[in-house]
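Some notes on the structure that comes next.
The values are calculated or read from the model by the stated rules, or taken from the named source; none is laboratory data. Everything numeric in this text was worked out from a predicted model, so none of it was measured. Cβ atoms come from the backbone with ideal geometry, glycine included; neighbour counts cover every protein chain shown.
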Amino acid sequence: MTRDLDSSLLRTFVTVAETGAVGAAASRLARTQAAVSMQLRRLEEDLGQRLLDRSPRGVQLTEAGHLLLPYAHTILGASADARRALSAGQVSGTVRLGMLEDIAVGRLPRALRRFSIAYPRVALEIVVDGSVTLSKRLAEGALDVVVADPALVEAAPLLTWTQPLFWVGARGYGRDADEPLALVAFGGPCLWQQNVLTALRRAGIAWRIVCTSTSLPAVQSAVEAGLGVSVLLEGNIRSESMRILGRAENLPEAPTADFGLFMREAAGAQVAAVRTLQRFLCEELHLGFCESEPRVPSME
């Protein structure tokens, strides 16, 4: 008889995958590192698969880990959705949400669809743009909630968090150590890109930029075509056509990406809708508990 997967073990696995380190996951989950490691072992033993590669630099998902991750998100999301639907009450209003493309093409849009089902009286208006533009629209009052790079937003974030980036190449990619590393780069004000070049420079790795784009789908397509390698968030890796690169290709540790959650003060009937979305984002992005009546930073 097939056993159900333990949701507490899945939550630990997802948190470790998203933070890239057992210590960071333990802090987020309010558990000891030993307890987190034990739960990971229990899950691996239950599935009969090694899910994580461990090293002094942190952890990376194995092929089995990448396969499990979206299922883990679905299982945990369904449980949370049931609670939300039962407690939705009469929450209503319109919320204008701005977010980066890197977030918009990951799993968050699917989660927002679930939000709309759980809270049918809340209308979402979503804007996808760069951090600088989102910052301006937030200051002008054209957006209520924003997820963007805190270094490029002229406001105090309600919350900040960091997600690991991964070196990726096409499925058939093989690096020629005698040739400069072919790099697919993000254009525009992308802080990640500068960190990537700094990491390569420090590692003594020569590179050449073969493609530059401000469009995430264009970067993904260039990587899939085998033009070069890039760094992506976990949710933007197309596992059917890409593979994660690392020590075997003598690449340095990939940088991390910083994000912030920003809000404007809501008024009237909109307050409940904005705060409901804020709590939802905290839960979906695993940012810990958000108070039902948080202090919204001043936009002045």
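Which one of the conditions (1) surrounded by 15 or more Cβ atoms within 10 Å (Cβ to Cβ); (2) closer than 25 Å to Phe259 by Cβ; (3) modelled with pLDDT under 90; (4) not small (Gly, Ala, Ser) does Arg113 fail to meet, given that it meets all the rest? If we test Arg113 against (1) surrounded by 15 or more Cβ atoms within 10 Å (Cβ to Cβ); (2) closer than 25 Å to Phe259 by Cβ; (3) modelled with pLDDT under 90; (4) not small (Gly, Ala, Ser), just (1) comes out false. If you go through region 85-107 and keep only what is surrounded by 13 or more Cβ atoms within 10 Å (Cβ to Cβ), part of a helix (DSSP H, G or I) and modelled with pLDDT under 80, you end up with Ala85, Ala104.
Out of curiosity, is Thr212 more than 23 Å from Pro70 (Cα to Cα) and in contact (Cβ under 8 Å) with a residue 60 or more places away in the chain? For Thr212, the condition - more than 23 Å from Pro70 (Cα to Cα) and in contact (Cβ under 8 Å) with a residue 60 or more places away in the chain - is not met. Scanning region 35-56 for residues that are farther than 15 Å from Ser8 by Cα and either of a type in the set (A, V, I, L, M, F, W, C) or touching a residue at least 40 places away in the same chain (Cβ under 8 Å) (or both) yields Leu51, Leu52, Ser55.
The C-beta contact set for region 226-241 (first residue surrounded by fewer than 16 Cβ atoms within 10 Å (Cβ to Cβ), second residue in a strand (DSSP E or B), distance under 6 angstrom, 6+ apart or interchain) comprises Gly226/Ala170. Taking the criterion of being within 21 Å of Leu69 (Cα to Cα) and small (Gly, Ala, Ser), the residues of region 231-248 that qualify are Gly235, Ser239, Ser241, Gly246. Residues of region 1-30 that are touching a residue at least 12 places away in the same chain (Cβ under 8 Å) and not aliphatic (A, V, I, L, M): Arg3, Asp6, Ser7, Ser8, Arg11, Thr12, Phe13, Thr15, Glu18, Thr19, Gly20, Arg28.
For first residues located in region 254-280 and touching a residue at least 24 places away in the same chain (Cβ under 8 Å) and within 15 Å of Pro150 (Cα to Cα), partners that are aromatic (Phe, Trp, Tyr) and crowded, with 19+ Cβ neighbours inside 10 Å and lie 6+ apart or on another chain with Cβ distances below 7 Å form the pairs Ala257/Trp192; Phe259/Trp161. Among the residues of region 135-172, just one is closer than 21 Å to Val219 by Cα and out of contact with any strand residue (DSSP E or B) (no Cβ under 7 Å at 6 or more places or on another chain), namely Gly172.
Output the residues belonging to region 213-225 that are buried (at least 16 other Cβ atoms within 10 Å of the Cβ) and of a type in the set (Val, Ile, Thr). Result: Val219, Val223. Number of residues in region 213-245 that are in a loop (DSSP other than H, G, I, E, B) and either assigned by TED's automatic domain parsing to the domain that holds Gly130 or within 19 Å of Leu181 (Cβ to Cβ) (or both): the value is 6.
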